[in-house]
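A short worksheet on the structure shown next.
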Amino acid sequence: MNLEKLSDILKNEPKFRYAQINKALWQEYISSWEEASNLPKVLRETLAADCPLEIKAEVFKSSGGLKSLKALITLADGETIETVLIRQKEARNTVCVSSQAGCPLGCAFCATGMNGFSRNLMAEEIVEQVLFWARYLKTEGRGEKIDNLVFMGMGEPFLNYVEFIKAVKFLNNPETFNIGARRLSVSTVGITEGIKRLAGEQLQINLAISLHAAFDNLRQSLIPVAKKYPLHEIFRAVDNYITKTGRRVMFEYLMIKGVNDTDKDALELVKLMKKPLYLVNLIPYNATGKFKSSDRERIDAFKKILEDNGVPATVRLSFGSSIDAACGQLKGKRNK
Ligand code: SAH
Ligand code: SF4
């Protein structure tokens, strides 16, 4: 959907039209202008011709794990991006969105990173992914809503900061999507400039840092850009963020078999994480290429070391490996 075009068409309309259209688009999730029956017919026709509402997407369902769905969306220029709907029990829906088409950072364990980078997404292309799932849930007719939204799909949000924050503000705006900021989370590989900017935004959004290693040299071998952002600089930016916002910060730690999952790694992680408002989330690795996930016993043992040493830790549920519901995997397969 072209939002610039939309405000162009509306510029000679009375003010209340904006409110009507905002409600129809972002709260009633109409998928064709015909459904907006309170608009004059001529306006509906102009909108249908110049600002179509269609979102081109293909949906894939998972079999095992949590019942998750993945959509591959084709953008106006033919670029494809993916977005996931994670369905937890008791009708809790989490949407995972992409912030870039591909990712330029090339982390060794990440399918998105392996497949290269095309371009940054515009804010409206980020919003469109959320809109797609809002419409999808509406079509199901069970009254389910989007409960949480995470920026954990393809791409590094802080390398596309301006459009990322524009999308966040749009999603949070009571006149448009109206999703509470506390329901939004962003994950970064540790781009400190982005952490600093977010600290100044006066937003209640949740911040997660993809740590994945407690030693700089191991981290650099997995995440090339870690050479530019050593651990101590990431922690300095995070501590500044915590001082400014008073909010907790989640450290994500992929559990990769034989790579970062030993007792020694856990004990080093304890040293780094012993601070108030730091939390650890252990993520079973979704095997993509050369790496495997640590097994359940190892993950539990690792978690126990953290907890016995006073570091709060949780283990993320698997999102359903049958649809490859992790970073960039589906697109990777289809391109082959
Ligand atoms: N670029 C950002 C956000 C997108 S990746 C970042 O790296 O944080 C979101 C999360 O998915 C990151 O923690 C990333 O490490 C993780 N991830 C990537 N590949 C994965 C895989 N195969 N299995 C499980 N998690 C994966
Ligand atoms: Fe990019 Fe994040 Fe994947 Fe690394 S893990 S390649 S930063 S999307």
Checklist outcome for this item: Farthest towards the positive end of the dipole of the chain, among 55, 266, 95 and with Cβ unit charges of +1 on Lys and Arg and -1 on Asp and Glu, lies the Cα of 266
Checklist entry - For residue 67 and residue 274, FRET efficiency with R0 = 45 Å and r from the beta-carbon atoms, rounded to 0.05? => result 0.75
Item to check | Separation between Cα centres of region 104-125 and region 186-226, rounded to whole Å | outcome: 16 Å
Item to check | Cα-based Kirkwood hydrodynamic radius, region 147-271, one decimal, Å | outcome: 15.4 Å
Item to check | Integer Hz, Karplus 6.51/-1.76/1.60 couplings in order for region 72-78, x for Gly and Pro | outcome: 9, 9, 9, 7, 3, 8, x
Checklist outcome for this item: Of all DSSP beta bridges with both partners in the chain, the antiparallel percent, nearest 5, is 50 percent
Item to check | Largest-first ordering by accessible area, 1.4 Å probe, given options 31, 37 | outcome: 37, 31
Checklist outcome for this item: Here the relative contact order (percent) of region 108-188, from C-alpha pairs under 8 Å and at least 6 apart, is 33 percent
Checklist entry - Roughly how big is the chain's charge dipole about its Cα centre, with Cβ charges of +1 (Lys, Arg) and -1 (Asp, Glu), in debye to the nearest 20? => result 600 debye
Item to check | Options 154, 21, 289, ranked by Cα towards positive dipole end of the chain, top entry (Cβ charges) | outcome: 289
Checklist entry - If contacts are Cα pairs under 8 angstrom and at least 6 residues apart, what is the relative contact order of the chain in percent? => result 16 percent
Item to check | Calculated P(r) tail over 23 Å for region 1-132, as whole % of Cα pairs | outcome: 45 percent
Checklist entry - Within the accessible area of region 1-53, what % is carbon and sulfur when the probe is 1.4 Å and the other protein chains stay in place? => result 50 percent
Checklist entry - Label residue 309 and residue 218 with points 7 Å out from Cα along Cα→Cβ: what is the distance between them in nm? => result 1.1 nm
Checklist outcome for this item: In deg cm²/dmol, rounded to the nearest 500, the helical mean residue ellipticity at 222 nm of the chain, built from -39500 (n - 2.57) for every DSSP H run of length 4 or more, is -11000 deg cm²/dmol
Next on the checklist: For the full complex of protein chains and a 1.4 angstrom probe, list 16, 215, 117 by accessible area with the highest value first.
Outcome noted: 16, 117, 215
Checklist entry - About its Cα centre, what dipole magnitude does region 1-53 give when the only charges are +1 on Lys and Arg Cβ and -1 on Asp and Glu Cβ, stated in debye to the nearest 20? => result 200 debye
Item to check | Protein-only accessible surface order, largest first, of 212, 232 at 1.4 Å | outcome: 232, 212
Item to check | Cα convex hull of the chain - mean projected area over all directions, nm² | outcome: 17.3 nm²
Checklist entry - How far is helix 161-172 tilted, in degrees, relative to the longest principal axis of the Cα atoms in the chain, given as a value from 0 to 90 rounded to the nearest 10? => result 60 degrees
Item to check | Stretchable slack from residue 202 to residue 262, in nm (0.36 nm times residue separation minus alpha-carbon distance) | outcome: 17.7 nm
Checklist outcome for this item: Rounded to whole angstroms and listed largest first, the alpha-carbon spread of region 1-53 along its three principal axes comes to 23, 21, 20
Checklist outcome for this item: Computed over the chain: longest principal axis from alpha-carbon atoms vs helix 296-308 long axis, angle to nearest 10 degrees, is 80 degrees
Checklist outcome for this item: Checking rank on 295-302, 94-101, with mean other Cβ inside 10 Å and highest first, the result is 94-101, 295-302
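The values are calculated or read from the model by the stated rules, or taken from the named source; none is laboratory data. Treat the numbers as computed from the prediction; the structure is a model and nothing was measured. Neighbour counts run over all protein chains shown; Cβ positions are idealised from the backbone, glycine included. Ligands, DNA and RNA are excluded from the accessible area calculation, which covers all protein heavy atoms including side chains. Shrake-Rupley method; radii C 1.70, N 1.55, O 1.52, S 1.80 Å.
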